[in-house]
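Take a look at the structure below.
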Amino acid sequence: MGRQVYQKGQRFLLDAVGQLAAQRDNLLLIVAGPQGGATAELEQLHAQSGLGDRVRFLGNRTDVPEILAAADLFVFPSLYEGLPGALIEAIALGLPVVASNIAPVAEVVEDRRNALLVPPESSVDLADAIRTLLEERPMAQAFGERSREIFLERFTLERSMERMVELYDRLLNQSEQLGAKVF
């Protein structure tokens, strides 16, 4: 899920799937999201990969929850991000995750609890982590359960509102301690 741009790291995911394809007959990669600056490169890499219909580019979609619900796991190979919204959507649905070990991702997932984190730009590590979750079904199931728990603990509307109120309380207390007038 995400725009087809360099920062999303989809080319590393394509390479990782290429490494796994010979060992897994039922492997299917779904790439959903609007076209962008990396689309031509991704199409070329796909054509050269020999993966054929084992990779499907769906374009921009409105049925993201349904697509995610059909997945066995979610792979997030971004090189850099702001708040990773697609990752939050995936954990909301209880998916185990393979993701690049970048700062914002660590705010959403927990390495070896609901995700396997790998170095950015490493197709080999991505492939190894994907293979692990596909082969270790009890681990993947436990990761999926923990993903849902993390979502409920951190990302529901109620929890977001609680954190906002806590932030305002802290700011008001700091202002009062500094003798500032709050209007």
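The values are calculated or read from the model by the stated rules, or taken from the named source; none is laboratory data. Just so you know, these numbers come straight off a predicted model, no measurement behind them. No Cβ is skipped: glycine too gets one built from the backbone with ideal geometry, and neighbour counts run over all protein chains shown.
Does residue 75 count as out of contact with any Phe, Trp or Tyr (no Cβ under 7 Å at 6 or more places or on another chain), closer than 17 Å to residue 155 by Cα, surrounded by 15 or more Cβ atoms within 10 Å (Cβ to Cβ) and not acidic (Asp, Glu)? It is false that residue 75 is out of contact with any Phe, Trp or Tyr (no Cβ under 7 Å at 6 or more places or on another chain), closer than 17 Å to residue 155 by Cα, surrounded by 15 or more Cβ atoms within 10 Å (Cβ to Cβ) and not acidic (Asp, Glu).
Taking the stated definitions as given, is residue 18 out of contact with any Lys or Arg (no Cβ under 6 Å at 6 or more places or on another chain), on the phi > 0 side of the Ramachandran plot and buried (at least 17 other Cβ atoms within 10 Å of the Cβ)? Spell out how you get there, then give the answer.
Numbers: out of contact with any Lys or Arg (no Cβ under 6 Å at 6 or more places or on another chain): yes; on the phi > 0 side of the Ramachandran plot: no; buried (at least 17 other Cβ atoms within 10 Å of the Cβ): yes.
No.
Residue 104 meets the conditions (1) at pLDDT 95 or above; (2) surrounded by fewer than 20 Cβ atoms within 10 Å (Cβ to Cβ) in every case but one. The failed one is (1).
Residue-wise test of (1) touching a residue at least 40 places away in the same chain (Cβ under 8 Å); (2) outside any loop (DSSP other than H, G, I, E, B); (3) aromatic (Phe, Trp, Tyr); (4) in contact with a helix residue (DSSP H, G or I) (Cβ under 9 Å, 6 or more places away or on another chain).
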site: 45; (1), (2), (3), (4): no, yes, no, yes
site: 48; (1), (2), (3), (4): no, yes, no, no
site: 56; (1), (2), (3), (4): no, yes, no, no
site: 71; (1), (2), (3), (4): yes, no, no, yes
site: 80; (1), (2), (3), (4): yes, no, yes, yes
site: 83; (1), (2), (3), (4): no, no, no, yes
site: 91; (1), (2), (3), (4): yes, yes, no, yes
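Only one entry of 124, 118, 109 meets the criterion of being surrounded by 13 or more Cβ atoms within 10 Å (Cβ to Cβ), aliphatic (A, V, I, L, M) and either farther than 26 Å from residue 92 by Cβ or touching a Cys at 6+ places or on another chain (Cβ under 9 Å) (or both), and that entry is 124.
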